[in-house]
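Below is a structure I'd like to ask you about.
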């Protein structure tokens, strides 16, 4: 169940990053190309919802089923907490996403990557220099190499950049400065 622990650590980091988010910050730009903080949070809510559905139902449709919330900060917190509850009771069954079968391990790990990196994006949009925890980044980096290829660039991810320090290699690989 270490994949659940990894997801828990990613969610805990992101919840910490959300502490600095305010309604006044929702129009700020994020490291995600052309996204405001509001748009990033709406995307993250969709991701958290899909991950929760994967744990609870064992399948995830490819289209979001929720409308944008009035308060995306609170909605993100709520979905993150619900996600953790769902994964702690997930029984290890196979998950299908868009009809493709995947293991619970890969879904939880991919979710951890998504949640942690967007937590960092939230922090940067809010002017919070909170770093991605090194142990978390080190564990997510090999997964990023596996899941993100040149075919994902430049649409989903920017081109990799040179890391300033070894600690920055995950974020640099994802095109974040």
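Counting only residues that are in a loop (DSSP other than H, G, I, E, B) and touching a strand residue (DSSP E or B) at 6+ places or on another chain (Cβ under 9 Å), which one in the range 58-98 is surrounded by the most Cβ atoms within 10 Å (Cβ to Cβ)? Spell out how you get there, then give the answer.
Step one: filter the range 58-98 for residues in a loop (DSSP other than H, G, I, E, B), giving 58, 61-71, 89-94, 98.
Right, trim to touching a strand residue (DSSP E or B) at 6+ places or on another chain (Cβ under 9 Å) and you get 58, 61-62, 94, 98.
Numbers: 58: 15, 61: 13, 62: 9, 94: 11, 98: 10.
So, considering only residues that are in a loop (DSSP other than H, G, I, E, B) and touching a strand residue (DSSP E or B) at 6+ places or on another chain (Cβ under 9 Å), the one surrounded by the most Cβ atoms within 10 Å (Cβ to Cβ) is 58.
Looking only at the range 33-52, filter to residues that are modelled with pLDDT under 95 and out of contact with any helix residue (DSSP H, G or I) (no Cβ under 8 Å at 6 or more places or on another chain); which one of those is nearest to residue 6 (Cα to Cα)?
My answer is 50.
Okay, next question. Tell me, please, whether a residue that is surrounded by fewer than 21 Cβ atoms within 10 Å (Cβ to Cβ), in a helix (DSSP H, G or I) and touching a residue at least 24 places away in the same chain (Cβ under 8 Å) can be found in the range 148-159. Step through it out loud before you land on a result.
Quick first cut of the range 148-159, residues surrounded by fewer than 21 Cβ atoms within 10 Å (Cβ to Cβ) only: 148-159.
Of the ones still in play, those that are also in a helix (DSSP H, G or I) are 150-152.
Next, only the ones that are touching a residue at least 24 places away in the same chain (Cβ under 8 Å) stay: none.
Within the range 148-159, not a single residue is surrounded by fewer than 21 Cβ atoms within 10 Å (Cβ to Cβ), in a helix (DSSP H, G or I) and touching a residue at least 24 places away in the same chain (Cβ under 8 Å).
Just to be sure I understand, how many residues within the range 31-57 are surrounded by fewer than 16 Cβ atoms within 10 Å (Cβ to Cβ) and outside any helix (DSSP H, G or I)?
Selection size over the range 31-57: 2.
Right, something else. Can you run down the residue pairs with Cβ atoms below 6 Å, 6 or more apart or on separate chains, where the first is in the range 123-143 and closer than 19 Å to residue 24 by Cβ and the partner is in a loop (DSSP other than H, G, I, E, B)?
Close Cβ pairs satisfying both conditions: 123/130; 124/31; 125/28; 125/30; 126/20; 126/21; 128/20.
Does the range 15-27 contain at least one residue that is buried (at least 20 other Cβ atoms within 10 Å of the Cβ), touching a helix residue (DSSP H, G or I) at 6+ places or on another chain (Cβ under 9 Å), at pLDDT 90 or above and assigned to a loop (DSSP other than H, G, I, E, B)?
yes
Suppose we filter the range 126-146 for residues that are exposed (fewer than 14 other Cβ atoms within 10 Å of the Cβ) and under 25 Å from residue 102 (Cα atoms); how many remain?
Of the residues in the range 126-146, 3 are exposed (fewer than 14 other Cβ atoms within 10 Å of the Cβ) and under 25 Å from residue 102 (Cα atoms).
I'd like the full set of residues that are loosely packed, with under 15 Cβ neighbours inside 10 Å and in a loop (DSSP other than H, G, I, E, B), limited to the range 164-177.
164, 165, 177
The values are calculated or read from the model by the stated rules, or taken from the named source; none is laboratory data. As the structure is a prediction and not an experimental result, all values here were calculated from the model. A quick note on method: Cβ atoms are made from the backbone with ideal geometry, for glycine too, and the neighbour counts reach across all protein chains shown.
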